Amino acid sequence: MFSDIDESLRQLFTAGIPIRANEIDISFERPTREWSSKLSRPTINLFLYDIRERAEMQNEPFDFDRTRAAGTVVRRRRPLRLDASYTVTAWTRDPVDEHRILAAVLACLYRSSEIPDEFLSQAVRDLDQSVTLRLAPPDHIAKPADFWGVMDNDLHANVNFVAIVPINPFAEEPFPLVTSASFELGLKGEGAVDRFQAVGGVVHAGELSRPLEGMAVTLVGTALSGVTGEDGRFLLGNVPAGQHQLRVTDPAGRANTVDINVPSPSFDILFNTT
């Protein structure tokens, strides 16, 4: 994931500064003395030095997808958001060029509140979350001299920014679709008087993966009825507990009747056309 963000930042700065071919290198290595001593031309260094979860941006933790497979719900964790902190330095032989490059980097960051989609990898776009950018506050690196001491390099002017990056390490989880719900009516403290069910299921042609759309579903002997959607699902409310019959009629007028017991774990119906 972070290698994808690095490449996106490379494209952003190349287009936003802009950088002509072979004019300035962009590096993501640690800016140590050994590294800088080997440079042969002007280089922008973007060093990722800190990664932290941005917990305040986590809202509802799950999305539910009811369209992936008949009879199931897919629960998907929403992406986490991480603060990826970068320090940017320019390395040239002439301090004037160094300052010119840093000014261009700052201008690019001020213009870019987020990385444009065309610079993001498909894996990042699939998360359906933007990668936002902001300049870091002055105390983001509390003691710059200590930082450069760790790098064993001379103190260098730097620009710090934070990329708010989505990441989703979680696998999708399939769950059975809830097909019924129970309701009890009565006076408080006197127990339940009546019990009703909301009854739902799938009308299919032999397999849940072959749902039937436009089927009329009626509870025999009542006015309760419904029509299946494109996923074959139906829902009938206020069905009393006990033995009942469901009549399923297709658009051509052919009908099947099935016995059901309410409540039951499933009300999925095989519609036989033969």
Burial ranking of peptide ranges 266-272, 143-149 (average Cβ count within 10 Å, highest at the top): 266-272, 143-149
Positive-end residue of W35, A163, P144, charge dipole of region 2-173 with Cβ unit charges: A163
FRET efficiency, R76 to Q122 (Cβ-Cβ, R0 25 Å, nearest 0.05): 0.90
Region 2-173: relative contact order as a whole-number percent, Cα under 8 Å and 6+ apart: 28
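Provide the FRET efficiency to the nearest 0.05 for the Q11-S40 pair, computing r from the beta carbons and using R0 = 25 Å. Walk me through the numbers on the way to the answer.
On the way: r = 23 Å, r/R0 = 0.92.
For R0 = 25 Å, the calculated efficiency reads 0.60.
Taking the mean number of other Cβ atoms within 10 Å as a proxy for protection, how do you rank 88-94, 152-158, 7-13 from highest to lowest? Write out the running numbers ahead of the final one.
Details: 88-94: 17.6, 152-158: 13.6, 7-13: 19.9.
By packing density, highest mean first, the sequence is 7-13, 88-94, 152-158.
When ranked by the protection proxy of mean other Cβ atoms within 10 Å per residue, highest first, what sequence do the peptides 31-39, 212-220 form? Write down the numbers at each step before the final one.
Details: 31-39: 13.6, 212-220: 17.9.
In descending order of packing, they fall as 212-220, 31-39.
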Label-reachable residues, region 30-55, where backbone N falls under 16 Å from a point 7 Å from L106's Cα toward its Cβ: none
Cα Rg, Dmax, region 2-173, angstrom units: 18.8, 67
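Only the coordinates and a few stated rules stand behind these numbers; no lab work does. This structure is a prediction, so every number in the text was calculated from the model and none was measured. Cβ atoms come from the backbone with ideal geometry, glycine included; neighbour counts cover every protein chain shown.
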